[in-house]
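Below is one structure, written out as structure tokens; the observations come after it.
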Amino acid sequence: MRKKIVAGNWKMNMDYNEGISLAKSINDELHSTPLSGKEVILCTPFIHLQGVSSLLSSKGLSSGAQNCNDHKSGAYTGEISATMIKSTGASYVIIGHSERRTIYKEDDSLLSSKTIEALRNELKVIFCCGEVLAEREQKIHFDVVKKQLESGIFGLTEEDFANIVIAYEPVWAIGTGVTATPDQAQEMHKYIRSLVEKRYGKECADDTTILYGGSCKASNANELFANPDVDGGLIGGASLVKDEFINIIKAL
Ligand code: PEP
């Protein structure tokens, strides 16, 4: 049975104290409203990770990073390795977010190396894919997502693939206030699951968690999560506001 997940991507927001305070309030809230088999992940900036990881005590609540380097260690000034992330108590890392692909020019081959390095350190990977608006308008969005998955994660063994969560994030919906319709999300999620089935078999496809990301908020989470192939969300802006984030979790 695949897991239902809501993951918050804090991006480069909040100073240390603000982040700790938000994580504490989410942790407290989830003590009084337990997750019952679902999972919530707080993907924080690197500097928050140790502090957030050590305060989380609610069942099903864990932490993650938003990026990692593809090397084990060495002369990579300013970079953070998967080993370092793991040592903070974090369980997850986001790889392939569109902001990393676009702003930092991270290509498929680098993202594949990062994924392998994260898995080698026993981190689970939230691997992001998604098309830009022009690609959807040209009706090549399925091909774009297929290529991202084939280059990024379909080279993994089945054993490693079990530690992958896929996040479909149409780039035109990220931070724009424009959300994919429930039908658009379901159509792509179903397609992604069919690709996983072709590569790894039906059992693995049924067990793979596929999250939707892109302007998901409390007011639209219900209709998105109601789709059979949408197993939760990767939430940006709305994960910075406690009540909004908690209501998205409740929608799950
Ligand atoms: C994201 O950055 O992963 C994201 C989904 O952002 P937002 O929810 O703000 O669109």
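For the pairs K146/K242; K3/K24; K114/K146, flag any whose C-alpha to C-alpha distance is greater than 26 Å. Among K146/K242; K3/K24; K114/K146, the Cα-Cα distance tops 26 Å for K146/K242. Within straight-line reach of K190, meaning a Cα separation under 15 Å, sit the following aspartates and glutamates at least 8 residues removed in sequence or on another chain: D143, E169, E203, D206, D207, D229, D231. Note: relative contact order over the chain, using C-alpha pairs below 8 Å and six or more positions apart, is 21 percent. The mean sequence distance of close C-alpha pairs (under 8 Å, at least 6 residues apart), as a share of the length of segment 1-61, puts its relative contact order at 50 percent. Which residues make up the longest stretch of the chain that has no chymotrypsin sites (Phe, Trp or Tyr not before Pro) in a DSSP loop with at most 14 other Cβ atoms within 10 Å? Answer - 105-252. Ellipticity at 222 nm from helices only: DSSP H runs of n ≥ 4 in the chain, each -39500 (n - 2.57), divided by the residue count, give -13500 deg cm²/dmol. GNM remark for the chain: springs join alpha carbons under 10 Å apart, and the peak mean-square fluctuation among T176, T33, T77 falls on T77.
Simple point charges give the picture: +1 on the Cβ of Lys and Arg, -1 on the Cβ of Asp and Glu, and for segment 120-252 a dipole about the Cα centre of about 180 debye.
In this structure, the amide hydrogen of T209, modeled 1.01 Å from its nitrogen in the peptide plane, lies closer than 5 angstrom to those of K3, I166, counting only residues at least 5 positions away or on a different chain.
Taking 0.36 nm per residue of separation and subtracting the current Cα-Cα distance, fully stretching the chain between E223 and A75 would add 48.6 nm. Charge dipole (Cα centre; +1 on Lys/Arg Cβ, -1 on Asp/Glu Cβ; no other charges) of the chain amounts to roughly 240 debye. Placing unit charges on the Cβ atoms of the charged side chains and taking the dipole of the chain about its Cα centre, the candidate lying farthest along the positive direction among P34, A180, N67 is P34. In the context of the full protein assembly, S54 retains an accessible surface of approximately 90 Å², using a probe radius of 1.4 Å and ignoring ligands and nucleic acids.
Computed from backbone phi, the HN-Hα couplings of segment 157-172 come to 6, 4, 4, 5, 4, 4, 9, 10, 10, 9, 10, 8, 10, x, 4, 5 Hz, rounded to whole numbers (Karplus: 6.51 cos²θ - 1.76 cosθ + 1.60, θ = phi - 60°; Gly and Pro given as x). All distinct Cα pairs of segment 134-174 go into the 1/r average, and the inverse of that average, the Kirkwood radius, is 11.6 Å.
Across all directions, the average flat footprint of the convex hull enclosing the Cα atoms of segment 95-252 is 9.0 nm². What residues have an amide H closer than 5 Å to that of L61, excluding those fewer than 5 places away on the same chain, when H is modeled at 1.01 Å from N in the peptide plane? Counting only residues 5 or more places away or on other chains, the set is V40.
The values are calculated or read from the model by the stated rules, or taken from the named source; none is laboratory data. Everything quoted here is computed from the prediction, not taken from an experiment. Reconstructed Cβ throughout: ideal geometry from the backbone, glycine too, with neighbour counts over all protein chains shown. Ligands, DNA and RNA are stripped out before the accessible areas are found, and what is left, the full protein with its side chains, is counted by its heavy atoms. Shrake-Rupley method; radii C 1.70, N 1.55, O 1.52, S 1.80 Å.
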